[in-house]
Amino acid sequence: MSADSLMIVGGQWGDEGKGKVVDLLSAAFAAVVRYNGGHNAGHTVRYADRRFALHLVPSGIIHEGVRCYLASGMVVEPTALVSEMDRLSSEGVSVEGRIALSPRATLILPTHRALDGAREGARGSAKIGTTGRGIGPAYQDKAQRRGLRAYLLADPIRLREHALPLMEEHNRELKTLFGAEPVDLEAAMQEITTAAARLAPLLDEVGPALRRHRAAGEPVLFEGAQGVLLDLAWGTYPYVTSSSCLPGFAAASCGVGPRLLGPVLGVMKAYATRVGGGPFPSELDDATGEQLRERGAEFGTTTGRPRRCGWFDAVAARYAVEVAGIDAVAVTKLDVLDGFETLKVATSYRLPDGSTLDTFPADPEVAAVIEPVLEELPGWSSPTESVVREEELPLEAEDYLRFLEAKIGVPVVIVSTGPRREETMVRGDSDLAQQLRGVIEG
Ligand code: GDP
């Protein structure tokens, strides 16, 4: 195992606060890599009292000297990447020569966006809750082996030759299957070609670059988007994202061996949230859920949608630890639980026939009817907000973290007690905790 590289994945349904954790750690890495998804991801990173919303560009961009990679397993909308780079530049972040895009990444076209909206609209009450940005249709085209890959950005003539017929097909689908307005293809081509000219210089194979970093002894940070419970295979299918969120996919996406990846840090909130449809056993559809949403500002970065909120689900968390091989956990937003008299944690599920289940079921119809078995723990009376030393945490908060560790089977090595980067502590003396302490404290 390459001890100085690190893999960060979301351990729940996304939005766990990975942005803050990645940003906190990324200054110590030579390279930060995004390997899945597209601009459906949304990280909010705060730096020196400024907020940056990132969707495609790895969070490492905020730190001078970190090189950022978008690997082949991503789907990239050219205009979205250009606008994000422009916005970062206008905010004083240097992006020039610091971003590499895999020539094998799949392109999202304007017609993918239109198809996403039309398909989701046609699902009626069975909506998945997609962000409508064309991610699913682009991955679908990739699997159908008719997708466009990023290398075409360097050749406007071939780009047009490939993009036009595919978009014509999409337009036929829009019209005949959904009765939707077709996309204006000349305007769409104009949009793509303009962005292509800006992106062509970014094209570079990611695997060889990462091997060069490692050969030079430079550590690499892998930044997973979404979360394990949204993984295409291991999440709550079909209410999942259309890519794999697991660490193993990083190797496949970058074209490197799994040994290059390093230990896996799972990021989990001290409670649970999910956006869109699908099973969520510990969901609170009451005033307590509302309190979590308000206190935690649980509204999507990308869509602004209110997130569904509930108690920490230790069954789902342990399942995530197992399927993703999470070595240790960063617990975020502990401060959001300040002021609750009692807290609950789901420790198993009960089926309608009275039997219990201690793992996440494969069948969404089963997942929809299970009831969480909740264990109650005392809340804490003094706040954890902004606490940065483990010994200053209220006793009950420390007990809560120990309870989570016992239930999920791996140590909690990072605790976040506020959105700012300083509001963080490294816990314990495990090898990983020591490595992270070194990284954070420089
Ligand atoms: P990501 O996609 O996993 O990075 O998650 P989001 O960016 O959607 O959500 C994280 C949000 O929570 C951001 O607004 C952060 O500034 C904020 N945040 C992160 N950690 C903490 C924390 O420990 N406490 C509080 N109160 N907010 C936090």
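Filter segment 323-378 for residues that are more than 16 Å from the ligand (Cβ to nearest atom), charged (D, E, K, R) and either assigned to a helix (DSSP H, G or I) or not assigned by TED's automatic domain parsing to the domain that holds THR273 (or both) and give the result.
Within segment 323-378, just GLU365 meets the criteria.
Identify all residues within segment 400-427 that are closer than 18 Å to ALA317 by Cβ and assigned to a loop (DSSP other than H, G, I, E, B); write none if there are none. Spell out how you get there, then give the answer.
So in segment 400-427, the residues closer than 18 Å to ALA317 by Cβ come out as 400-416, 427.
Passing the criteria: GLY409, VAL410, PRO411, ARG427.
Of all residues in segment 157-176, count the ones that are farther than 17 Å from GLU191 by Cα and surrounded by fewer than 20 Cβ atoms within 10 Å (Cβ to Cβ).
5
Among helices (runs of 4 or more DSSP H) lying entirely in segment 131-201, which contain 3 or more residues that are over 20 Å from THR79 (Cβ atoms)?
On the way: elements: 135-143, 156-178, 185-199.
Those helices (runs of 4 or more DSSP H) span 156-178.
Mind listing whichever residues of segment 270-293 are assigned to a strand (DSSP E or B) and either outside the structural domain of GLY325 (by TED's automatic domain parsing) or away from the ligand (no atom under 16 Å from the Cβ) (or both)? Break it down stepwise before answering.
Taking segment 270-293 first, the residues assigned to a strand (DSSP E or B) are 272-274, 283.
GLU283 - this is the single residue of segment 270-293 that is assigned to a strand (DSSP E or B) and either outside the structural domain of GLY325 (by TED's automatic domain parsing) or away from the ligand (no atom under 16 Å from the Cβ) (or both).
Going by the conditions given, is VAL33 part of a loop (DSSP other than H, G, I, E, B) and either aliphatic (A, V, I, L, M) or buried (at least 19 other Cβ atoms within 10 Å of the Cβ) (or both)? Steps first, answer last, please.
Numbers: part of a loop (DSSP other than H, G, I, E, B): no; either aliphatic (A, V, I, L, M) or buried (at least 19 other Cβ atoms within 10 Å of the Cβ) (or both): yes.
Spelling it out, it is not the case that VAL33 is part of a loop (DSSP other than H, G, I, E, B) and either aliphatic (A, V, I, L, M) or buried (at least 19 other Cβ atoms within 10 Å of the Cβ) (or both).
Between ALA154, ALA180, ALA197, ALA126, which is modelled with pLDDT under 95 and surrounded by fewer than 18 Cβ atoms within 10 Å (Cβ to Cβ)? Steps first, please.
Values: ALA154 fails: modelled with pLDDT under 95; ALA180 fails: surrounded by fewer than 18 Cβ atoms within 10 Å (Cβ to Cβ); ALA197 fails: modelled with pLDDT under 95.
Answer to the selection: ALA126.
Of all residues in segment 1-53, which are more than 25 Å from ALA317 (Cβ to Cβ) and near the ligand (Cβ under 10 Å from one of its atoms)?
Across segment 1-53, the qualifying residues are ARG46, ARG51, ALA53.
Pairs needed: first member in segment 38-53, in a loop (DSSP other than H, G, I, E, B); second member anywhere, within 6 Å of the ligand (Cβ to nearest atom); C-beta distance under 6 Å; at least 6 residues apart or different chains.
GLY42/THR301
Return a yes/no flag: does segment 391-399 have any residue that is under 22 Å from the mean Cα position of the chain (by Cα), surrounded by 21 or more Cβ atoms within 10 Å (Cβ to Cβ) and either part of a loop (DSSP other than H, G, I, E, B) or within 16 Å of the ligand (Cβ to nearest atom) (or both). Walk me through how you get there before you give the answer.
Kept after step one, since they are under 22 Å from the mean Cα position of the chain (by Cα), are these residues of segment 391-399: none.
No.
The values are calculated or read from the model by the stated rules, or taken from the named source; none is laboratory data. Computed from a prediction, not measured in an experiment: that's the story for all the values here. Because the Cβ atoms are built from the backbone with ideal geometry, glycine has one as well, and the counts that use them run over all protein chains shown.
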